[in-house]
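Heads up: the structure comes next, in structure tokens.
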Amino acid sequence: MLMKSILGSAALALVLAAAPLATQARELRVSSFEPPQGFYSAKVLQAWIDRVNPTLTPENQFRLYPGSILGAPPAQAELVKAGVADVALVVPTYTPGLFPLSSVVEVPGMVQTSGQGTAILNAAQEAGLLAGEYADYKVLALFTTPGYRFLMTGDGVAKPADLAGLKLRTPSPFGSELLALLGASGVAIPAPQVYENLERGVVAGAVWVMDAYRTFRLDEVAPAVTSLRFTASPMAILMNKTTWDALPEADRAAIDAAAGRAMAEWIAGVVDATDAEIEASFRAAGSVKFIDLDDAAVAEWQAALAPAPAAWLAGQPDARAAQAALDIAQGLAGQ
């Protein structure tokens, strides 16, 4: 009888000890290479987390890990695949060869706004063209940056010939190919080092977006902005498949309701609104020279970049799929 009492007490103690564990929230790690105050960390990832967490069970809650705590920018896709992060903000062009068709939005003339680029990527995904390159992930959202502009030192650039012989910070390997078409050369420079390289004259400019222009105070060293939307970068928010499969059905349904095209379009709206707000603030301040191009000037840039679609196709491993993706992009871009 005494032994039964002891065993019963021990079993009860184990149950009581385990009870807090059963209700303990599981942390779903969301990785961002941007600092906590960075645009995508604060206005996209954290904002999305704040919207989604209340709809999830207490046992499964997202938490942001900003500032490359979990890994460097080029490692984000692998962090998710390996389970180091449950979710991450990924720039597909940071890992050449892994997401080849997503780079269709880099072709000049395809993307003026994030909304336009986001429509292209989601149409390609819905057509089944991107299934292979994202097969290892649960895709939460595919979207793009707005069109990249030329952020230049000196008097800036108004026509392609102005770039001849110059070195510029490039967003990707294909971005370097595009610059070569214009007589310039691309230099890969990590984001935090762009200011220093502009200041020292290592590069004469950068192909980038307005939120980076403000975040890194590039107006201090590159006070000329050309309004041409030169290229754009694909972006993705990806989730670990094992993590996804392990979630209860109710949580998967809640995440799905806040993901996909709807999430991508919400992000694009935030991106484009912020891009416009930053441009307006710099124009109002009067400290930055904006070089606005008329139709004749735009036509000159378009002629110089006319070989770009063929160059993009030539670098793709699956010619048929690449042509289908390009057809979608050009159709939505009105070309």
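The values are calculated or read from the model by the stated rules, or taken from the named source; none is laboratory data. No experiment lies behind these values; they were computed from the predicted model shown. Cβ sites come from the backbone with ideal geometry, for glycine too, and all protein chains shown count toward neighbours.
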request  = State the number of residues belonging to segment 205-225 that are crowded, with 24+ Cβ neighbours inside 10 Å and more than 29 Å from Met263 (Cα to Cα).
outcome  = 5
ask   = For segment 82-100, does any single residue satisfy the condition of being in a helix (DSSP H, G or I) and farther than 29 Å from Ala333 by Cα?
value = yes
query = Taking into account only those residues within segment 21-77 that are under 17 Å from Met235 (Cα atoms) and without any contact (Cβ under 8 Å) to a residue 24 or more places away in the chain, which is surrounded by the most Cβ atoms within 10 Å (Cβ to Cβ)?
reply = Ala75
query = Looking at Thr153, Thr145, Thr170, which one is over 24 Å from the mean Cα position of the chain (by Cα) and of a type in the set (S, T, N, Q)?
reply = Thr153
query = Is it true that Leu293 is surrounded by 15 or more Cβ atoms within 10 Å (Cβ to Cβ), of a type outside the set (Val, Ile, Thr), within 15 Å of Gly109 (Cα to Cα) and in the same structural domain as Val157 (by TED's automatic domain parsing)?
reply = yes
request  = Only residues that are modelled with pLDDT under 95 and more than 13 Å from the chain's Cα centre (by Cα): list them for segment 88-107, please.
outcome  = Pro96, Gly97
request  = Would you mind listing the helices (runs of 4 or more DSSP H) fully within segment 238-335 where at least 1 residues are more than 30 Å from Leu28 (Cα to Cα), of a type in the set (Lys, Arg) and without any contact (Cβ under 8 Å) to a residue 60 or more places away in the chain?
outcome  = 260-285, 319-332
ask   = Of the conditions (1) at positive phi; (2) in contact (Cβ under 8 Å) with a residue 40 or more places away in the chain, Val139 fails just one. Which one is it?
value = (1)
request  = Mind listing just one residue for me: the one in segment 173-189 that is under 23 Å from Tyr40 (Cβ atoms) and in contact (Cβ under 8 Å) with a residue 24 or more places away in the chain and, of those, surrounded by the most Cβ atoms within 10 Å (Cβ to Cβ)?
outcome  = Gly175
